[in-house]
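Presented below is the structure to which this report refers.
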């Protein structure tokens, strides 16, 4: 039995109390601070679906505070891209527990 504790199992993730707290932009280009994204890319065009997904994956994984989420994520967008986001399982469960509407309906 593997009893190692993995970082993914204890890493703190931030989840807002409501989508109303998420007041990030819905258009234009978002440039993330290096505290959230230390890669050369760092800018994301919200007109590009792949950029939106990468932006949200990065911010949801790296934001340590609800204020960071609110600055970069818009409450109207997560449901549109949620099923296509590549997220750590624990993070996905935390968000879906708070926001059951994100859970895809059974086919």
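Worth a mention:
- Filter result (touching a helix residue (DSSP H, G or I) at 6+ places or on another chain (Cβ under 8 Å) and at pLDDT 95 or above) within segment 38-48: 44, 45, 46
- Segment 9-31 - residue that is loosely packed, with under 12 Cβ neighbours inside 10 Å and not in a loop (DSSP other than H, G, I, E, B) and, of those, modelled with the lowest pLDDT: 9
- Restricting segment 64-103 to residues that are in contact with a strand residue (DSSP E or B) (Cβ under 8 Å, 6 or more places away or on another chain) and assigned to a helix (DSSP H, G or I), the residue that is nearest to residue 32 (Cα to Cα): 72
- Condition check for residue 106: part of a loop (DSSP other than H, G, I, E, B), modelled with pLDDT under 95 and surrounded by fewer than 18 Cβ atoms within 10 Å (Cβ to Cβ): yes
- Any pair with Cβ under 8 angstrom, 6 or more apart, that starts in segment 95-107 at a residue that is within 15 Å of residue 76 (Cβ to Cβ) and ends at one that is surrounded by fewer than 14 Cβ atoms within 10 Å (Cβ to Cβ) and modelled with pLDDT under 95: 101/79; 102/79
- Out of 39, 58, 34, sole residue that is outside any loop (DSSP other than H, G, I, E, B), farther than 18 Å from residue 103 by Cα and out of contact with any strand residue (DSSP E or B) (no Cβ under 7 Å at 6 or more places or on another chain): 58
The values are calculated or read from the model by the stated rules, or taken from the named source; none is laboratory data. Nothing here was measured: the structure is a model prediction, and the numbers come from that model. Cβ atoms come from the backbone with ideal geometry, glycine included; neighbour counts cover every protein chain shown.
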